[in-house]
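The values are calculated or read from the model by the stated rules, or taken from the named source; none is laboratory data. As the structure is a prediction and not an experimental result, all values here were calculated from the model. Here the Cβ positions follow ideal geometry from the backbone for every residue, glycine too, while neighbour counts run over all protein chains shown. Accessible surface areas use protein heavy atoms only, side chains included; no ligands, DNA or RNA. Shrake-Rupley method; radii C 1.70, N 1.55, O 1.52, S 1.80 Å.
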Amino acid sequence: MSIATLAVRDWGAIVIDAAGVEAVHGRAAGPDAVPIGLRRRMPKFSLAAVRCAAGVAAPGCELVFASRYGDVTTALTLSETIVSAEPLSPSAFSACVHNAAPGLAAQVLGEKSSHTAVAAGEGSLAAGLLEAWLRLSSGEASEVLVLFAEQPLSGIYGEFEHEPGVPFLALGMRVGLGNGVGDGEGASAGTGRVGALALLSALEAGVGAILVQPILRAAA
C-alpha cells in the first residue's frame, strides 16, 4: 500500500563491485565534478554520493540523505587507528559522520538549502523518500534531492553483513510531488541495497514515479 507518489525529475547512480569496477548510470557526474583538492581527501563512499548529487541537483533543491550505516569503512579505519594509538586524521573523521556526504555535496554545489540525514535500518531508502514527500507536501520545498548510499560491511563488521555479494550503490533522485496516490503505476523502494538496485533498474526502464510507503520495518 502506498500513500502518495513522487515524480522523478532526474536521477543518477554509481555502482561499484567487489573488484572496484565502477558503473555509472543515468546522469551521475564524473569525478571532475568535484574539485581535485577536495576529491583527494574524500572517501569513496562520499565521492560516489556527491557525484550523484552533482549530476542531478537543481538550484534551491533541498537534500535528504539516506543510509543504513553511512561511511562505516572510514569509521572502521579510524577505530583501528585509535587501537594502534596513532594520530587520527581530522579530514577522515569529518568524512565519516553520518551527514558528511550531504554536507560535502552542498559544499561542492555551493548550495545553502537545508539537508537532512536519515538512518532507518533496511528501510533507510524508503524513509528518505517519505521524508522527501513530507517536505514537499507541507510546502517546505518544491523539489527534493533524495540521496542514498550504502556499502557492504567489511573487516570485523563483515559477519553482520545482511546482503552478501550485493555491491556498493549510490543513487540520487531529484523528485517532486506526483499526480497519483496509490495507483500502482510507480516503482516501490524495497529494502537495503537489493531494493535500491531494483529501483535503479525501474528508473533505467523508464519508470517516472516512486510509490511512497506509509509503514517502515527497520532492522538494526
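Restricting to the stretch 26-44, give me the number of residues that are open to solvent by 10 Å² or more (accessible area, probe 1.4 Å) and in contact (Cβ under 8 Å) with a residue 24 or more places away in the chain. Reasoning before the result, please.
Narrowing the stretch 26-44 to residues open to solvent by 10 Å² or more (accessible area, probe 1.4 Å): 26-33, 35-44.
Within this subset, residues satisfying the condition of being in contact (Cβ under 8 Å) with a residue 24 or more places away in the chain are 26-29, 33, 35, 38, 41-44.
Within the stretch 26-44, residues that are open to solvent by 10 Å² or more (accessible area, probe 1.4 Å) and in contact (Cβ under 8 Å) with a residue 24 or more places away in the chain number 11.
Name the residues in the stretch 132-149 that are open to solvent by 10 Å² or more (accessible area, probe 1.4 Å) and touching a Lys or Arg at 6+ places or on another chain (Cβ under 9 Å), would you?
Across the stretch 132-149, the qualifying residues are A141, E143.
Failed condition for H162, given (1) within 22 Å of V15 (Cβ to Cβ); (2) open to solvent by less than 40 Å² (accessible area, probe 1.4 Å), with all others met?
It is condition (2) that H162 fails.
Hey, R193 hits all of (1) touching a Lys or Arg at 6+ places or on another chain (Cβ under 7 Å); (2) closer than 24 Å to E22 by Cα; (3) not small (G, A, S) but one; which does it fall short on?
(1)
Got a number for residues in the stretch 54-93 being in contact (Cβ under 8 Å) with a residue 40 or more places away in the chain, not in a helix (DSSP H, G or I) and not hydrophobic (A, V, I, L, M, F, W, C)?
8
Could you list all residues from the stretch 57-68 that are in contact with a strand residue (DSSP E or B) (Cβ under 7 Å, 6 or more places away or on another chain) and either hydroxyl-bearing (S, T, Y) or surrounded by fewer than 24 Cβ atoms within 10 Å (Cβ to Cβ) (or both)? It would help to see each step written out before you state the result.
Taking the stretch 57-68 first, the residues in contact with a strand residue (DSSP E or B) (Cβ under 7 Å, 6 or more places away or on another chain) are 57-58, 61-68.
Within the stretch 57-68, A58, C61, E62, S67 meet the criteria.
For the stretch 1-12, which positions are open to solvent by 40 Å² or more (accessible area, probe 1.4 Å) and assigned to a loop (DSSP other than H, G, I, E, B)?
Passing the criteria: M1, I3.
Could you list, in sequence order, all residues of the stretch 13-25 that are open to solvent by 20 Å² or more (accessible area, probe 1.4 Å), on the phi < 0 side of the Ramachandran plot and either assigned to a helix (DSSP H, G or I) or of a type outside the set (V, I, T) (or both)?
Passing the criteria: D17, A18, A19, E22, A23, H25.
Considering the stretch 15-29 alone, what residues qualify as being modelled with pLDDT of 95 or more and touching a Gly at 6+ places or on another chain (Cβ under 9 Å)?
Scanning the stretch 15-29 gives V24, H25, G26, R27, A28, A29.
Can you tell me which residue is farthest from K44 (Cα to Cα) among those in the stretch 165-202 that are in a helix (DSSP H, G or I) and open to solvent by 10 Å² or more (accessible area, probe 1.4 Å)?
So the residue we want is A202.
Considering E204, E163, which residue is out of contact with any Asp or Glu (no Cβ under 8 Å at 6 or more places or on another chain) and without any contact (Cβ under 8 Å) to a residue 40 or more places away in the chain?
Details: E204 fails: without any contact (Cβ under 8 Å) to a residue 40 or more places away in the chain.
Answer to the selection: E163.
Are any of the residues in the stretch 130-151 within 27 Å of A18 (Cβ to Cβ) and among the polar types (S, T, N, Q)?
The answer is yes, given that some residue of the stretch 130-151 is within 27 Å of A18 (Cβ to Cβ) and among the polar types (S, T, N, Q).
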